[in-house]
Amino acid sequence: MCRRTTKDQDPQMVERKFDMLHVCPSQCAPDFIKNSPLANEGGWMAVDQATLQSTIAPNVFGLGDVTSTPNAKTAAAARKQAPIVADNLIAQMKGAAMPQAYDGYGSCPLTVEHGKIILAEFGYGGKLMPSFPWDSTKPRRSAWFLKKSVLPWVYWNAMLKGKEWLVKTTS
């Protein structure tokens with residue numbers, strides 16, 4: 001059971017059956033962004049969703065959880081955004097056209113049972129963007145192994161060291 005609130009009506013209690021429920025807290029940018037001149041009316045850093053360049057200060061770029069991009073705020077999103085921002089920033093400093101565009105990619109491993117997850121990978125508009133040759137809408141033990149054993153290594157030994165092989169840079 002949940003409470004649904006709409007603009008024009010009093011709150012209503014809604015009851016629905018479900019097999020799985022994935023709940024996440026509402027997301028927002030930290031106060032230092034919300035209260036900065038770089039923020040839009042929603043409190044996010046206002047950026048062009050493709051180039052990740054600020055729409056307020058052209059010499060500033062943003063990535064990750066603080067941006068106004070209409071995508072899931074995930075580590076996988078930031079991983080893909082970082083080399084795009086680097087390439088576009090270098091191009092902007094050289095007075096050249098920005099060579100990279102972010103497609104909204106994000107990934108969320110959803111645990112659906114012990115030893116199996118759905119690796120939800122998607123882009124802008126909810127477009128499915130699987131990285132692996134399996135059906136990403138079905139729970140898999142291989143995806144569980146990836147989440148449990150491979151992704152932590154990638155995070156600590158590649159992402160945090162600036163290594164990225166899924167986004168080809170131009171500079």
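Overview of results
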| read-out | value |
| --- | --- |
| Relative contact order %, segment 1-76, counting alpha carbon pairs below 8 Å whose residues are six or more apart | 19 percent |
| Point-charge dipole on Cβ atoms (K/R +1, D/E -1) for segment 66-171, about Cα centre, debye to 20 | 260 debye |
| Segment 70-171: C-alpha gyration tensor shape, a/c 1.5 cut-off, then a/b vs b/c | prolate |
| Additional length obtainable on full extension of the chain from Lys7 to Lys168, 0.36 nm per residue less Cα span | 53.5 nm |
| Shape category assigned to the chain from the gyration tensor of Cα positions, a/c cut at 1.5 | oblate |
| Given Lys34/Lys94; Lys34/Lys148; Lys73/Lys147, the pairs whose alpha carbons are separated by over 27 Å | Lys34/Lys94; Lys34/Lys148 |
| Theoretical FRET efficiency, 1/(1+(r/R0)^6), r = Cβ-Cβ of Asn59 and Met159, R0 35 Å, to 0.05 | 0.85 |
| Percent accessible area from carbon and sulfur atoms, segment 11-142, protein chains only, probe 1.4 Å | 57 percent |
| Förster-model FRET efficiency, 30 Å R0, Asp103 and Asn35, C-beta, rounded to 0.05 | 0.50 |
| Whole-Hz couplings from phi, Karplus 6.51/-1.76/1.60, listed for segment 27-39; x for Gly and Pro | 9, 7, 6, x, 4, 5, 8, 3, 9, 9, x, 7, 7 |
| Accessible area (Å², per residue) of segment 29-159, counting only protein heavy atoms and a probe of 1.4 Å | 53 Å² |
| Alpha-carbon centroid distance for the pair segment 115-136 / segment 50-110, whole angstrom | 20 Å |
| Antiparallel bridges, percent of DSSP beta bridges restricted to the chain (to nearest 5) | 95 percent |
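The values are calculated or read from the model by the stated rules, or taken from the named source; none is laboratory data. All figures in this text were calculated on a predicted structure; none of them were measured in a lab. Neighbour counts are summed over all protein chains in view; Cβ atoms, including those assigned to glycine, are modelled from backbone coordinates with ideal geometry. For the accessible areas, the whole protein counts, side chains as well, though only heavy atoms, and no ligand, DNA or RNA atoms are used. Shrake-Rupley method; radii C 1.70, N 1.55, O 1.52, S 1.80 Å.
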